[in-house]
1. Name the residues in region B:204-222 that are in a helix (DSSP H, G or I) and within 16 Å of B:TYR277 (Cα to Cα), would you?
2. Hey, B:LEU428 hits all of (1) under 30 Å from B:MET220 (Cα atoms); (2) at pLDDT below 95; (3) surrounded by fewer than 19 Cβ atoms within 10 Å (Cβ to Cβ) but one; which does it fall short on?
3. Among the residues of region B:223-257, count how many are under 29 Å from the mean Cα position of the chain (by Cα), more than 14 Å from chain A (Cβ to nearest Cβ) and assigned to a loop (DSSP other than H, G, I, E, B).
4. I'd like the full set of residues that are within 30 Å of B:PHE328 (Cβ to Cβ) and either of a type outside the set (Phe, Trp, Tyr) or surrounded by fewer than 17 Cβ atoms within 10 Å (Cβ to Cβ) (or both), limited to region B:410-425.
5. Considering only residues of region B:258-296 that are within 14 Å of chain A (Cβ to nearest Cβ) and part of a loop (DSSP other than H, G, I, E, B), which is surrounded by the fewest Cβ atoms within 10 Å (Cβ to Cβ)?
6. Does region B:348-359 contain any residue that is touching a residue at least 60 places away in the same chain (Cβ under 8 Å), outside any loop (DSSP other than H, G, I, E, B) and either in the same structural domain as B:THR288 (by TED's automatic domain parsing) or of a type in the set (A, V, I, L, M, F, W, C) (or both)?
7. Can you tell which of A:GLY220, A:GLY184, A:GLY229, A:GLY259 is crowded, with 21+ Cβ neighbours inside 10 Å and outside any helix (DSSP H, G or I)?
8. Being touching a Phe, Trp or Tyr at 6+ places or on another chain (Cβ under 7 Å) and closer than 17 Å to A:ALA150 by Cβ is the filter here; which residues of region A:86-134 pass it?
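The values are calculated or read from the model by the stated rules, or taken from the named source; none is laboratory data. Small disclaimer: the values here were computed from a predicted structure and weren't measured. So basically every Cβ, Gly included, is an ideal-geometry build from the backbone, and we count neighbours across all protein chains shown.
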Amino acid sequence: MTSTNFAYLSNYAIYSAMVLFTLAFFSHAVEVAFSVRNLEDKTEFDFTRTKRSGDIGTVMMVLALVFLFVGVIFRGISAHRVPWGNMYEFSITGALAFTSAYVYALWRYKIRWLGLPVAIAVLLTLGTAITILYRPSAPLVPALKSTWLAIHVSAAIISGGVFLLANCIAATYLLLDRYENKGGRPVWALKLPTLEALDQLTYRLVAFVFPLWTFAVIAGAIWAESAWGRYWGWDPKETWAFITWVAYAAYLHARVTVGWRGRKAAWLCIFAGSTFLFNYVYINVWGTGRHTYSGL
Amino acid sequence: MTLVPELEARSLSRWLWRQLTSMRTALILLLLFGLAAIPGSIFPQRSQNPLAVSDYFKSNPGTAKFLDELNMFDVYSSPWFSSIYILLFISLIGCVLPRTIEHLKSVGAKPPLTPKNLDRMEFFFELETGTLDRAESWLKKRHFRIRRDVDSISAEKGFMRESGNLAFHLSLILILIGVGAGSLFGMKGDAIINVGDRFINIPTSYDVISFGKLESEKNMNPFSITATDFKATYELTTGVPSDYKLTVNIADPVGSKEVAKVVRVNSPLTFGSTKVYLQANGYAPIVTVRDKTGEVKYQGAVIFLPQDGNLTSIGAIKVPDAEPQLGFIGSFVPTFARNSQRGAFSTYPEVLDPRLLISVWTGNLGLDTGRPQSVYRLDTTAMTRLSLKTLELHETFDFNEGSITFEGWTPWVNLQIVKDPGKIYALLGSIFAILGLLMSLFTRSRRIWVKTSADKSGVEIAGLAKNSVPGLESEIAALINEMRS
């Protein structure tokens, strides 16, 4: 097969993944919307009714993950390099990392309730990627030709996926916390985990990914030293990567040393995640400096 | 009576020190450090893009002056930015050093005494069976550190958590030392050389050079680099570069036997702690300028600066020896095209169909006014324009005061030469920081106590997990099983 064939196949795989994500989205929506039926005494609820719909959602999600994976790999084959040369490729790989983090967490922590927001987030990412960010498959500019591309960018993308997942959970925490303060969860949220479990899960994700993010920044510095002649130059992207690092370091300290829990910690986590998103969207598209590889 | 103010001063400074090294202050400083970095990503920085800073001054003179007062164009070397990170690191050192000493002292020390009332712990169980000896051997097998007293055992595991934590923070200090050493003992400069030319590492060979506070030109490695060939490869359809390859002959020290090397964007040359990077490239048109009598007044390659991705380049040719002086504002177009909107421009970065567009000026070049002049720009205040011309390769243009011939071109490369003896410490610091971080975040630290119950029939078991990490529950369940078996 030629490079062009692989490029087409990659696009078809991405489109197929989007269809599957849409199906997963509807299955999870049905699961949430029709899951609750009051039993006779009106105090208990039956969650088993729509279990099958949720199962279908999970199957669709896993299938979508496979197609997304194929799409990313074929994109790389078509360009004869790792598929991380422009913002379209960052986005599809980021969606892959995010979905993988969800599927892994699903297997470990029973968080199927996250399926709906995950499907929405991935669809938005992929939708933006194929409409606005899409660029034909092409080789890399000389500055990107380095083994460090694979190391630095993969670490950054995986970190990004997990940061966003942690943000979803922290946001859920804040939402449920509001309901509970106002007198109780709405019916659809009864099945979701306790506030404490959400808080713990957020912390665990951040604690897992913080060393990886640290590594991504350091790998970037080592690469910058060989490509640009300095390991740190306060380039806008570097500055914001550093700000993200500081924000998550503050989150970990606030939890471990000062003992922050719950609402304050969740807000700090969301703030830290937003600095990452800002860096990804704003600096890539409108920013200046040496990291402007969006291809836009 | 004179003692009192002295005492007050001492207690005040002690109070200040305690405040500075408190966790809350450290956290606030850490967040401030992050916030303080933001303006540098919003406003152009002199260290990165001095041209953008001067443009900012031109378009908003009022605000620019105000912002400059606040060091907004030199954020990362400003007094307020420096004071935040210096305070942060003092706070860090004040926090970490005493803890390191404490931690080193506790190597090999026994865990603390078993508390009196175990029933206040998170996990607490009373058993009818079990003995301290069995508990001790079970805990030993699992590498707990154990304090055995007459009627109790205090066991602890997860010592490496604090070790990793301290290693991480000490490594940050090592990184700071590396950064500091780099800026004090480092050197950085740029030199543009034409292919075919030789660069000798002495200050006069540089276009720009700056030394660290404790570094001087005496310490420069006396190497030489001769650029023998430069090949840029482009994507045919898009003109996007895919490879730059510079071939050089190096001699270290200068005059010794030359060795051929290849420099690419991601593979610099190394001379000890000095590295030479390939940073930019462009074209230098070769011209011959003659005066009215036909005598050659200038001959050679003139470096032009690229203006776009297809390397449309502009520059100035100055001929002070002609009488009157001659100057040319030029534009080199490697692959020529012209339309009504853009005028002449290049459609591909390689030289396929070159043109040299010139405007001819005569008068005074202003080189002896003492005012510094850019070599890429012509100061036309004391000059008049004679004519305009688009030259093809090998074409000669005769104007009244003389003639100019477009002889050819040569590529030039911009070498960036950087000496940074501190970066090895920064790298080591980074590696230790990650290892320390992994050690500290993935070590579970917990205590387990076993005590003979009051009626001596069985034991009480209690546990405490630091930072409420999970897993202790199942560990205690296993211990209970062991006691019951």
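1. Correct list: B:SER205 only.
2. All conditions pass for B:LEU428, except number (2).
3. Of the residues in that region, 3 qualify.
4. Matches in region B:410-425: B:THR410, B:PRO411, B:VAL413, B:ASN414, B:LEU415, B:GLN416.
5. B:SER273
6. yes
7. A:GLY229
8. Correct list: A:ASN86, A:PHE90, A:THR93, A:LEU96.
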